[in-house]
Amino acid sequence: MRRREHLVASPDRLLQAPSAARLTREDVRAELEAARRSGDLLVDGDSGLRLNELYPMRYPRPTVIAGKTRAQVRAELAEAQRTGDMLAGGDSGLKLNEINPGAYPRAALPIYAHAPASMASAATR
């Protein structure tokens, strides 16, 4: 029978961290202090919340980087309106260019929008 000593969790093995993940005491203290300042520590108890989630007024808000500029969003909206790539009102879940394909450029239509008329009429009911 092969020995499986490499699978046994001895105290010496548990205390040895992989060399790439070793941190100095100063690194750990700096991370802990940064977590205290930002409230990124778990609250005592079973809530699973962090301090900055439970008491948001006590901690600075993280800086949020905008994904798109206002001009980019407006350009996307104008393109969606032009091509009908917007959800139609109601509960159908269909886009405007799927409900009324003749009102929008043909290139904007998805492949499945060319369903037979019987399927299209059933989807709009």
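So here's what we get for this one:
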quantity: Per-region count, the range 40-66, residues exposed (fewer than 10 other Cβ atoms within 10 Å of the Cβ), in contact with a helix residue (DSSP H, G or I) (Cβ under 9 Å, 6 or more places away or on another chain) and not basic (K, R); calculated: 1
quantity: Top-ranked residue in the range 92-104 [being in a loop (DSSP other than H, G, I, E, B) and either more than 11 Å from Q81 (Cα to Cα) or of a type in the set (S, T, N, Q) (or both); ranked as modelled with the lowest pLDDT]; calculated: S92
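The values are calculated or read from the model by the stated rules, or taken from the named source; none is laboratory data. As the structure is a prediction and not an experimental result, all values here were calculated from the model. Heads up, the Cβs are rebuilt from the backbone with ideal geometry, glycines too, and the neighbour counts pull from every protein chain shown.
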